[in-house]
Amino acid sequence: MSALLKRIKRFIFNHSDPNGLLHQDRFTGLGSGRTDATDKGMPLTRREVGARGEKLAVDFLKGLDYEIIERNFRCRQGEIDIVARQDECLVFVEVRTKKICDFGTPEESVTVAKREKLISLANAYIQTLNNAPSSWRIDVVAVELNDDDGISRLEHIENAIN
């Protein structure tokens, strides 16, 4: 198996899971500030789509026994969506969420400039730590939502940015 295939973990969420572990209802309650907007058929705003994707990513990573250290870390260079720990490795997670994939997949939207910025942000975060871990990496979680704002696809790419 190629190194790229080993790095990619693909998880397709659907309603046919017999144990109900992957059912989209597990991923609810974003607290977006809008009351019952999706129940009334109103489309999610761009910000709400992003918040839903981040919430789904956090729930997913917790299910893989990642320890979530911080969400939406901000500094003058920008923002890191999720800072987590997997064993002794510090993991910076960029979450990309799309509802309509007419112009490419969520993971394809991580440009070269964004990759460079994420590396800079990771270094800035590490400088804030007293006892920084020796190993760290940057992952990408790609989320595609269906028309009902449920999960169409969630893909976790470890060490996506070198």
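Any read-out appearing in this document is the output of simple, stated calculations on the displayed coordinates, not a laboratory observation. Keep in mind it's a predicted model, so treat the numbers as computed, not measured. Don't worry about glycine lacking a Cβ; one is built from the backbone with ideal geometry, like all the others, and counts go over all protein chains shown.
If you go through segment 148-162 and keep only what is of a type in the set (A, V, I, L, M) and within 13 Å of VAL110 (Cβ to Cβ), you end up with ILE157, ALA160, ILE161. Residues of segment 82-122 that are over 26 Å from ASP65 (Cβ atoms) and in a helix (DSSP H, G or I): GLU108, SER109, VAL112, ALA113, LYS114, ARG115, GLU116, LYS117, SER120. Filtering segment 100-122 to residues that are of a type in the set (A, V, I, L, M) and surrounded by fewer than 16 Cβ atoms within 10 Å (Cβ to Cβ) leaves ILE100, VAL112, ALA113, ILE119. Note on segment 123-143: among residues that are hydrophobic (A, V, I, L, M, F, W, C) and in a strand (DSSP E or B), the one that is surrounded by the most Cβ atoms within 10 Å (Cβ to Cβ) is VAL143. Note on segment 50-97: residues that are without any contact (Cβ under 8 Å) to a residue 24 or more places away in the chain and surrounded by 16 or more Cβ atoms within 10 Å (Cβ to Cβ) amount to 5. Can ASN159 be described as at positive phi and either in a helix (DSSP H, G or I) or not small (Gly, Ala, Ser) (or both)? Against the criterion (at positive phi and either in a helix (DSSP H, G or I) or not small (Gly, Ala, Ser) (or both)), ASN159 qualifies.
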